[in-house]
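Let me begin by presenting the structure, written as structure tokens, before commenting on it.
The values are calculated or read from the model by the stated rules, or taken from the named source; none is laboratory data. As the structure is a prediction and not an experimental result, all values here were calculated from the model. No Cβ is skipped: glycine too gets one built from the backbone with ideal geometry, and neighbour counts run over all protein chains shown.
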Amino acid sequence: MARPATGKRDFATRLSPRTLEQLDLLVRQRRFGTRTEAIEAAVSRLFEAEQRDPERLRRAFERGCGALRLGLDAAALSEAELDRLDWEARRARWAEGRP
């Protein structure tokens, strides 16, 4: 099979009727010129999202917490969760009439 001048390769796939309707709607709304363009954009976005560096995102989260002066880190979050669970247990005992 000869390759098209665009360098793209043919392949066969099956899509659910709902996905195909969504794909066609994107083309009808002129968000994408063709189904192929829409699929390529979706795959590209998914690939980029999957490739994000988790460590970079963690550092960004920590910087954001620091900017808000929350002082959150893994130990502080764990301690806060233990405090919350303790509070809920005491509240449940009090509701049952047990101090």
*For residues in the range 28-55 being in a helix (DSSP H, G or I) and hydroxyl-bearing (Ser, Thr, Tyr), which is farthest from Ala74 (Cα to Cα)?*
Thr36
*Scan Ala2, Ala12 and give me the residue that is at pLDDT 85 or above, out of contact with any helix residue (DSSP H, G or I) (no Cβ under 9 Å at 6 or more places or on another chain) and not in a helix (DSSP H, G or I).*
Ala12
*Filter the range 64-81 for residues that are surrounded by 10 or more Cβ atoms within 10 Å (Cβ to Cβ) and either modelled with pLDDT of 85 or more or in a helix (DSSP H, G or I) (or both) and give the result.*
Gly64, Cys65, Gly66, Ala76, Leu77, Ser78, Glu79, Ala80, Glu81
*Which condition number in (1) over 30 Å from Ala74 (Cα atoms); (2) under 22 Å from the mean Cα position of the chain (by Cα); (3) surrounded by 10 or more Cβ atoms within 10 Å (Cβ to Cβ) is the one that Arg18 fails?*
(3)
